Amino acid sequence: MGMRVDIATLFPQECQNYLDQSILGRAAARGYIETHCHQIRDYTLNKQKQTDDYPYGGGCGMVMYAQPIADCIREINRQVEESGRSKPHVIFMTAAGKRYSEEDAKRLAEYDSLLLVCGHYEGIDERVIEAFADEEISIGDYVLTGGELAALVVADSVLRLQPGVLAEEKGYQEESHWNGLLEYPQYTRPEVWEGRTVPGVLLSGHHANIQKWRQEQSLERTRVRRPDLYALYEEKEKGTK
Ligand code: ADE
């Protein structure tokens, strides 16, 4: 049984549409992964199906009620357990969460199932986070109007690491961030495009030279573009010598 990801959101169709496309859609159709998006609004108990209200203490924006989110999570937990799995690892997407990285993607890829909860508007009643969250994740230091894009970022980056999703395991092992460095530049046909040529070494067929060139490009790019990552990489290298 491949990994299962559930998303609780006010925009389940938009999220499911994304997950059903391209590489992830194909992997799901072949049974390597499973994705399910759920409408939080279906769990409201008021006639207007309202999901949010004014914040206690005042301030701008609206805050999502705890109750519909809690009942939606309970129902998803039930469905996941009914399918023969253990309770999912529950993650709330919030700008106030811990910042996400490829390290987290690798860690989360080890779970049998994840439940990603998306807030919308200004926030979510803290009590439902306290009651249900195993962790809170932010995808970066900026604010989105909702957690949906963040949940899709986490789902995508975790699911692509599952066996059967990418054509080759090497597909991700040479990419940016896998080893803490940025990826080297890539080229495909034609050899000359609008006067720009492909670096000669890549056409040489000399495997060792190609490897060496790519490693140098990776290091140089990281040094210039991401001095923070470069410093970490240097520390790590020193430790292994
Ligand atoms: N919701 C709003 N902003 C967010 C962010 N940066 N990461 C995760 N969820 C969010």
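The values are calculated or read from the model by the stated rules, or taken from the named source; none is laboratory data. Computed from a prediction, not measured in an experiment: that's the story for all the values here. Note that we place each Cβ from the backbone using ideal geometry, even for glycine, and neighbour counts take in every protein chain shown.
Numbers at a glance
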| read-out | value |
| --- | --- |
| E175 more than 14 Å from the ligand (Cβ to nearest atom) and not in a loop (DSSP other than H, G, I, E, B) | no |
| Every residue from segment 143-162 that is within 11 Å of the ligand (Cβ to nearest atom), within 13 Å of the chain's Cα centre (by Cα) and farther than 13 Å from T9 by Cβ | V153 |
| Residue, surrounded by the most Cβ atoms within 10 Å (Cβ to Cβ), within segment 110-169, restricted to residues that are assigned to a loop (DSSP other than H, G, I, E, B), in contact (Cβ under 8 Å) with a residue 40 or more places away in the chain and of a type in the set (D, E, K, R) | D125 |
| Hits in segment 120-142 (condition: near the ligand (Cβ under 10 Å from one of its atoms) and within 16 Å of the chain's Cα centre (by Cα)) | E136, I137, S138, I139, G140, D141, Y142 |
| Residue that is over 27 Å from A28 (Cβ atoms), surrounded by fewer than 11 Cβ atoms within 10 Å (Cβ to Cβ) and more than 16 Å from the ligand (Cβ to nearest atom), where the choices are P190, P185 | P190 |
| Matching residues, segment 80-107, being farther than 19 Å from A131 by Cα, of a type outside the set (D, E, K, R) and more than 16 Å from the ligand (Cβ to nearest atom) | S83, G84 |
| Odd one out for I73 among (1) of a type in the set (A, V, I, L, M); (2) closer than 28 Å to G164 by Cα; (3) in a helix (DSSP H, G or I) | (2) |
| Residues of segment 87-103 satisfying the condition of being assigned to a helix (DSSP H, G or I) and surrounded by 14 or more Cβ atoms within 10 Å (Cβ to Cβ) | E102 |
| Flag for M62 being in contact (Cβ under 8 Å) with a residue 40 or more places away in the chain, touching a Cys at 6+ places or on another chain (Cβ under 6 Å) and surrounded by 14 or more Cβ atoms within 10 Å (Cβ to Cβ) | no |
| Condition check for L202: buried (at least 16 other Cβ atoms within 10 Å of the Cβ), away from the ligand (no atom under 16 Å from the Cβ), over 30 Å from K87 (Cβ atoms) and modelled with pLDDT of 95 or more | yes |
| Test: residue in segment 178-195 that is of a type outside the set (A, V, I, L, M) and part of a helix (DSSP H, G or I) | no |
